[in-house]
Amino acid sequence: MPEIEHKPVLLAETIEMLAIRAGGIYVDCTLGAGGHAQEILRRTGPRGRLIGIDKDRSALDRARKALAVYLDQVAFVAGDFRNLQAILTGLGIYQVDGILFDLGVSAFQILEPRRGFSYAYDAPLDMRMDQGAKLTAFDLVNNLDEKELAALIFRYGEEKWARRIASLIVARRRKSPITTTGQLVEVIKAAIPAPARRKGPHPAKRTFQALRIAVNDELSGLAQGLRAGISFLGSGARVVVISFHSLEDRIVKNIFRDFASPCICDVQLNCTCGRGSLRILTRKPLTPAARELKLNPRARSAKLRAAEKIVPAANVLPTK
Ligand SMILES: C[S@@+](CC[C@H](N)C(=O)[O-])C[C@H]1O[C@@H](n2cnc3c(N)ncnc32)[C@H](O)[C@@H]1O
């Protein structure tokens, strides 16, 4: 396996936006190798607490090592952040000081060939973040019908050659199932005309992104987890989201906007719609500086959005 060095993306910007409070409770919804978590814990001091969630158990093992000096301050949770509400209430937590989502897969997952996330290695078609989950990329590639495949590749990969790719996948799998990333890359290359293949990123990038999103049901999980997370923020607490493609970024932008827009419900007092409860801190998303990109080209598509919880006007009881 290649030597892997982990570099947390937009680390300084994340820490600044979270405005860490000493002794605070923080949630890292995507613990990964614990890079961001380490810096959060350094700033909370010994009374701080971190809930670190990851659906990949091997990531949790790695994070346990990285956070060895903080073990009594961390709750490691093997789970999906879409279940954030149940995870936090299950731990007896009803309010937190900050929440981080650093979306997608980590370098460790991408560069571990057998996980099947990368078009750069020939490996089984897997792509599951949670290795105990049932659905794999193999199932989608070999079982969806041609229309479903084309729609999936177009929607989650924003791939304009989706129909051709789906058609060739179906033709190829009639001979025998497509079992490896290498076989899939060959089919994708054959489907995309040579001039288009020579421009832009690797020809398989968009299709692989689409399959990964579908295998892990990433987009609906993000919307659910982010909405739940915002509802747990105490007044002045912050949420930071780092996304890696436009589909994720759009969800974050829209949810932030929704919570930041004024409440127009009829129920004025103690309304629970959540509108008017966020102040957006990043009018435009923050992106990595040239210095970071030089050290970590993988960060190139990262976008960071942050917001702060404010007490919504409708929820403030009138003073006598
Ligand atoms: C980009 S990495 C995070 C890296 C981390 N911030 C660090 O500094 O080491 C994303 C991690 O989130 C996990 N993940 C992605 N979606 C998830 C979800 N819905 N629920 C729980 N974990 C998730 C992945 O398994 C991966 O380990």
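Derivation of every value follows stated rules applied to the coordinates shown; laboratory data play no part. Note that this is a predicted model, so its numbers are computed, not measured. Cβ coordinates were reconstructed from backbone atoms using ideal geometry, including for glycine residues, and neighbour counts include every protein chain displayed.
Annotations
- Against the chain, whose longest principal axis comes from its Cα atoms, helix 246-260 is set at around 20 degrees.
- DSSP-defined beta bridges in the chain - what % are antiparallel, rounded to 5: 40 percent
- Diffusion of the chain by Stokes-Einstein, at 10 °C in a medium of 1.306 mPa s and with Rh set to the Kirkwood radius over alpha-carbon pairs, works out to 76 µm²/s.
- On Cα atoms only, tilt of 205-215 relative to the major axis of the chain in degrees: 60 degrees
- In a DSSP loop and with at most 16 other Cβ atoms within 10 Å, the chymotrypsin sites (Phe, Trp or Tyr not before Pro) in the stretch 29-113 are 94.
- Sparse packing (at most 16 other Cβ atoms within 10 Å of the Cβ) combined with a DSSP loop state is found for the following GluC sites (Glu not before Pro) in the stretch 1-104: 3, 5.
- Cleavage-rule hits, trypsin sites (Lys or Arg not before Pro), the stretch 130-166, DSSP coil, Cβ neighbours within 10 Å at most 15: 134, 160
- Exceeding the 27 Å Cα-Cα cut-off - candidates 284/309; 175/199; 189/294; 134/160; 147/175; 147/303: 175/199; 189/294; 134/160; 147/303
- The spread of Cα positions in the stretch 1-117, taken along each principal axis and listed from longest to shortest, comes to 39, 29, 24 Å.
- Gain on full stretching of the segment that runs from residue 61 to residue 217 - 0.36 nm per residue minus C-alpha separation: 53.8 nm
- Backbone amide hydrogens, once placed in the peptide plane, bring residue 281 within less than 5 Å of 306, 307, 308, excluding anything fewer than 5 places away on its chain.
- Once divided by 2.2 N^0.38 Å, the Cα radius of gyration of the stretch 134-215 becomes 0.98.
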